[in-house]
Amino acid sequence: MKSNLTSQPTYTEVTEDDAGWILSNTFLILTMQTGFGMLEAGSVSYKNIANIMVKNCVDVTLGGLVYWVAGYALSFGEPSTPFFGYGNFFVTAATVADTGRQYAHYVFQLSFATAATTIVSGAVAERMQLQAYMLFAIVNTFGYCLPAMWAWHHNGFLGSIGFFDFAGGCVVHGTGGASAFVAAYVLGARYKRFARAGEEAVHYTASSPVTALTGLFMLWWAWLGFNCGSTFGISKDRWKVAAKVAVTTLNGSIAGGIVGLVSSFVVFKGRFNIDYIILSVMGGLVSITANCAIISPAESLIIGAIGAAIALFAIRVIERMEIDDPVGAIPVHFASAGWGTMCVGIFGKNDFDLLKGHNGLLHGGGLYLLQVQAFGWILISLWSALFTAVFFLAMNRAGILRMSLQDELMGADWVEHGVRSESVGNKIEKIIKQMNLPEDEVQDVFKKMIIEATTSNERQSAFFLGGVNEEDAFNMARVLSQTRQGSVITSRLIRRASEMTIKDLPPSRKISLMNGTTPRKESLAVRKESSVRCRPSSTPLIMMKEDHTNGIP
């Protein structure tokens, strides 16, 4: 069947219905910024939540301005060469008749350009200076625009030899993934992220797995706009392709999610690890993006499942390489994207003449299409990697790339934005105050916990960096949590607070608990259940709370 469709169709024939479809899907795609932001914010530590959201905002503001000024012209401008366009700078419709199709095409492609840069923000989280990232958001627009031109412009040299990428599996995600790989490598790992001789690695705790999962859901549904909207309309045969794409996209993500659940259950011996689930669903989605229009629903299950497995394997590989990727951007957007790009040459079928007469290996097309896809993926990956390497190395040489150690340990929220997240000091303070201790006894218990949970070197470093007095127990905990191995010390302190028993408290408090009263007022636990008087001394005090959060607010 012949049709007017091609990979990323041109905008020369756009009806009113097509424009409505394009704009609706564009708005859906732009909500991916919220999804990426929430996934990344939930994956980083508390002290960097606001900063990672600001970076996602920067991708749209600065990157969007540059795309309007020059990016769109380089990708889709006329006149053009096979390697870049050089018309339509400062995008403005030439005539009233061109207004609808010109602007509809522009805003749709803008949403793709901003997504490519956002991928990098997660890989460099918690240690890259915001000003440096702003510069990257501006420059990376140009890094994305040329691969888009090569693959999707009617005059692009990759498209002319048969390279196919329906919705940006390679052009958007592969470009972002390759950039993320190089960026994370040049930037280096977070403080003590990987163990060194004689030193233990710091375990960085995610701020909110629930927020990360909510971000995944937003990305999941917005992905339907990403893929289905790439028909660039619903007139003629395009609505048929859009319906098919919706099914293959969902099937790929479903298969990926199942791989994540099963793998987690096996690896973690009966537990379902949230990181595994997120990586697997995302791996399935990315691996289906380039090929979603030219495969069957059954094939999409296979592609999504393998794409998820590749992402889970790749995260182990980059950790062995000691490349720090806080959100898993590299395994998903680089490794799974490569697999999805190759799948065009393996599973592709020339329905609706999308493949310009070619078929994939499993449909009798031989190796030609697979070779073209491999060439395109390697070329785009190398371009993105080299472009990012040059810019990051230049910023590193200029001394503006990475945050100082003290700033990194304090957290970008406070250093860059003046926002202080609730620290472990606040958390432990709340825990102990719920025991209704007198003020003088609170200080004594707090200080005892801190000394037990930290080493002398950690305390000395906190005093040096924070300039606090050793006698000030509350400030000591806050500075420790924000300047020196914060997540490790947080874990120790909260565990210590949760394990506190009657024998750990001052004598006056022990007597009060045994009598069922407190020095100042009756406790919540005593009001709730009088059986507290009969609890053995080994019962953790924190379990007397009305809720069951183990003392963590």
**Message:** Skipping prolines and chain starts, which residues have an amide H placed within reach, meaning under 5 Å, of the one on Met128, given they are 5 or more residues away or on another chain?
**Reply:** Met403
**Asked** Top to bottom by accessible area (1.4 Å), largest first, where do Met395, Met321 land?
**Response** Met321, Met395
**Asked** Given a cut-off of under 8 Å on Cα pairs at least six residues apart, what relative contact order in percent is computed for the stretch 290-381?
**Response** 27
**Message:** Let's test this: bin the Cα-Cα distances of the stretch 93-228 at 5 Å from zero up to the farthest pair and state each bin's percent.
**Reply:** 2, 8, 13, 16, 17, 16, 11, 7, 5, 3, 1, 1, 0, 0, 0
**Prompt:** Roughly how much of Leu62 is accessible, in Å² to the nearest 10, using a 1.4 Å probe?
**Reply:** 50
**Request:** Once you have the Cα-Cα distance between Leu65 and Val96, take 0.36 nm times their residue separation minus that, and quote the gain in nm to one decimal.
**Result:** 8.9 nm
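Quick one, can you get me the convex hull of the C-alpha atoms of the stretch 197-344 expressed as volume per residue in Å³? Working shown, then result.
Details: hull volume 16.0 nm³, N = 148.
Dividing the Cα hull volume of the stretch 197-344 by its residue count gives 108 Å³.
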**Item:** Accessible-area ranking of Tyr46, Tyr185, Tyr144, Tyr106, largest first, probe 1.4 Å
**Value:** Tyr185, Tyr46, Tyr106, Tyr144
**Asked** Put a dot 7 Å past each Cα toward the Cβ at Asp353 and Thr31; how far apart are the dots in nm?
**Response** 3.6
**Prompt:** What does the accessible area of Trp68 come to, in Å² to the nearest 10, when a probe of 1.4 Å is used?
**Reply:** 90
**Fill in**
At the level of C-alpha centres, the distance separating the stretch 38-68 and the stretch 389-404, in angstrom, is 19
**Asked** Per 5 Å bin, what percent of the C-alpha pairs of the stretch 363-422 does each bin hold, from zero upward?
**Response** 4, 15, 12, 11, 10, 10, 9, 8, 7, 6, 5, 3, 0
**Request:** Note the full-extension length gain between Arg196 and Gln371 as 0.36 nm times their separation in residues minus their Cα-Cα distance, in nm to one decimal.
**Result:** 58.8 nm
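Keeping all protein chains in place and using 1.4 angstrom, which order do Leu146, Leu382 fall into by accessible surface area, from largest down? Kindly include the intermediate steps, with their values, before the conclusion.
Details: Leu146 35, Leu382 100 Å².
Largest to smallest exposure gives the sequence Leu382, Leu146.
Rounded to a whole number, what % of the accessible area of the stretch 74-165 do carbon and sulfur atoms account for, probe 1.4 Å? Please list the in-between numbers first.
Numbers: 2020 of 2850 Å².
C and S fraction of accessible area: 71 percent.
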**Message:** As a test question: what accessible area, to the nearest 10 Å², does Thr99 have when a 1.4 Å probe is rolled over all protein chains in place?
**Reply:** 50
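The values are calculated or read from the model by the stated rules, or taken from the named source; none is laboratory data. No experiment lies behind these values; they were computed from the predicted model shown. All Cβ positions, glycine included, derive from the backbone under ideal geometry; neighbour counts span all protein chains shown. For accessibility, only protein heavy atoms count, side chains too; no ligands or nucleic acids. Shrake-Rupley method; radii C 1.70, N 1.55, O 1.52, S 1.80 Å.
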